[in-house]
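Structure record follows, encoded as structure tokens.
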Amino acid sequence: MNSFQPTAERQSVLENKSSSEVKSKSVSQINGHRARQDFSSVYNRDLLPAESGEEVTKNFLLELLDILFSYICKSFKRSSKVLDFHHAHQLKDGLDGFTLALPDEPENLEQLLVDCRDTLKYGIKTGHPRFFNQLSSGLDIIGLAGEWLTSTANTNMFTYEVAPVFILMEEVLLRNMMSMIGWPEEEGDGLFCPGGSVSNLNSMLLARYHFFPEVKKKGMAALPKLAILTSSHSHYSVQKSAAVLGIGIDNVLLVKCDERGKMIPAELESSIITAKGAGLVPFYVNATAGTTVYGAFDPLNDIADICQRHGLWMHVDASWGGGLLMSKRHSAKLNGIHRASSVTWNPHKMMGVPLQCSAILVRTKGILQECNQLRAAYLFQPDKHYDISYDTGDKTLQCGRHVDVFKFWLMWKAKGSTGFEAQINRCLDNAEYLYDKLQGRADFQLVFKSKPEHSNVCFWYLPDSVRNLQVGPERNNKLHTVAPKIKGKMMKEGLTMIGYQPLGDKVNFFRCVFSNPATQREDVDFLLDEIARLGSDL
């Protein structure tokens, strides 16, 4: 049964016109409003490239645009919910005419429009000012426009002949990013990858090839037993990359961090020496600029000194923290990043570019090509009529590569470097505001007392039942259950959303992150009051 409810304008038309008259009139103006076409007898076959399909295609896309625009407006309204939560079994069983089942026969476009609207209805408004759950949030209108154009172009980034403008845009963006890292103009190379985990994987692949180029043909059997080093607070993709490349998770040595989550340089050096003594060959150190949970920045210069002393590849995972390079106020937190062999930087996080947008940046020019190229003759012919150095597909693990650059390029044009700087500064100002608020409330406790370096703020909510307990196992066990229970209530009510996790000896705590420029101080106040309201009876 079709669950679409017609607008008042459309209903008025339907009451006074036959359906054939409405269809023939298509999109018209009624009382200054656009009347909808009835799509109940219109199908995919009627859209372009069908003959005479231009008008119905335009009307269909305009109707879809209305749905998207309505969703965008709701995403920015604080009176709207962040989510309308349903359990998986409810969505699988179907709700109010929305079904995930796939039909044998085509459904009409009216039903498809309903499906589009319902898909958004049952999803999460990650652009909502009160969505604090992930490092990537916000809804940038220019970025969205860029994504629409990218999908319309529907091309591939492997050769200049099919993506000439996008290839050149990627080159410009990468050069600007490398300049901000501090690499000389004659150095550096890079690619946009499908996420920070793949960018980190690329860095490890390149480092292994740099020291052991024979691995490309002979495999891991020709190599000694390798080891990599990373902080105990680093992203899990470092271990995953080691597993994928055959190095092994057991050979990822986790270096101790201080209480703030920063790698301790002396522990790094000690771990390198110990690994060598055990017959391992360390070759790669991952330093983190903006850890996932605490938002900590490893001491990059100290780590670079150690890597230089031992002849190791230094990678900086700046997936989360790279955006701070755009801010004069905060860029010093990444001092030493110019000494890295490679850097991961995700503009889809702190800079608010729509997912996905991640870059692997490499200081050594040419190594991406040498490590990955296989010269597939059907793509990378050497006798093309243009400069084949712009055919980037042989520099990457992938064959097909999505165009992730246009939305970023368009946003940079719209904001300028100064606009990105102001946006990042506001997000970190929000973090300091939350930090100050938490210090003044007895019902909350900070996980660590120092000011946030990034926009991560970690804290516990302390209901009376916990506050009155002495520090010890009983209190910890009780406190461990508080955040999950509040999160469960929070998702059912749908007014805000925040993540939680344990870490080391710390029981479950909330982690609030700011990357949405729409978030204001009133949203921070709302979050704390909502947590206290939902947890008051625990």
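The values are calculated or read from the model by the stated rules, or taken from the named source; none is laboratory data. A quick note: this is a predicted structure, and the numbers were derived from the prediction, not measured. Here the Cβ is made from the backbone with ideal geometry for all residues, glycine too, and neighbour counts use every protein chain on show. Heads up: the accessible areas ignore ligands, DNA and RNA and are worked out on the full protein's heavy atoms, side chains in. Shrake-Rupley method; radii C 1.70, N 1.55, O 1.52, S 1.80 Å.
Applying the condition of being over 22 Å from Ile367 (Cα atoms) and β-branched (Val, Ile, Thr) to the range 294-335 and asking which residue is farthest from the chain's Cα centre (by Cα) yields Ile306.
Pairs are defined by a Cβ separation below 7 Å, a sequence spacing of at least 6 or placement on different chains, a first member in the range 443-457 that is in contact (Cβ under 8 Å) with a residue 40 or more places away in the chain, and a second member that is among the acidic types (Asp, Glu) and crowded, with 21+ Cβ neighbours inside 10 Å; no pair meets this definition.
When Ile360 is tested against the conditions (1) open to solvent by less than 40 Å² (accessible area, probe 1.4 Å); (2) part of a loop (DSSP other than H, G, I, E, B); (3) of a type in the set (Val, Ile, Thr); (4) in contact with a strand residue (DSSP E or B) (Cβ under 8 Å, 6 or more places away or on another chain), the lone failure is (2).
Remark: Met178 matches the filter, which requires a residue to be open to solvent by less than 20 Å² (accessible area, probe 1.4 Å) and either in the same structural domain as Leu62 (by TED's automatic domain parsing) or in a helix (DSSP H, G or I) (or both). As a summary of the residue check, Ser70 satisfies the conditions (1) at pLDDT 95 or above; (2) in a loop (DSSP other than H, G, I, E, B) except for the one numbered (2).
The set of residues in the range 84-116 being of a type outside the set (Asp, Glu), under 27 Å from Leu355 (Cβ atoms) and either in contact with a strand residue (DSSP E or B) (Cβ under 9 Å, 6 or more places away or on another chain) or in a loop (DSSP other than H, G, I, E, B) (or both) consists of Phe85, His86, His87, Leu91, Thr99, Leu100, Leu102, Val114.
Every condition in (1) crowded, with 19+ Cβ neighbours inside 10 Å; (2) at pLDDT 95 or above is met by Arg329 except one, and the failing one is (1). Within the range 276-293, being open to solvent by 10 Å² or more (accessible area, probe 1.4 Å) and under 29 Å from the mean Cα position of the chain (by Cα) holds for Thr292, Val293.
Scanning the range 124-141 for residues that are out of contact with any Cys (no Cβ under 8 Å at 6 or more places or on another chain), open to solvent by less than 70 Å² (accessible area, probe 1.4 Å) and either under 14 Å from Pro517 (Cα atoms) or modelled with pLDDT under 95 (or both) returns Thr126, Gly127, His128, Pro129, Arg130, Phe131, Leu135, Ser136, Ser137, Gly138, Leu139, Asp140.
When Ser52, Ser79 are checked against the criterion of being among the hydroxyl-bearing types (Ser, Thr, Tyr), modelled with pLDDT under 95 and surrounded by fewer than 15 Cβ atoms within 10 Å (Cβ to Cβ), Ser52 stands alone in meeting it.
Output yes when any residue across the range 371-389 is open to solvent by less than 10 Å² (accessible area, probe 1.4 Å) and of a type in the set (A, V, I, L, M, F, W, C), and no when none is. Quick ask: steps written out before the conclusion?
Within the range 371-389, the subset open to solvent by less than 10 Å² (accessible area, probe 1.4 Å) is none.
No: zero hits.
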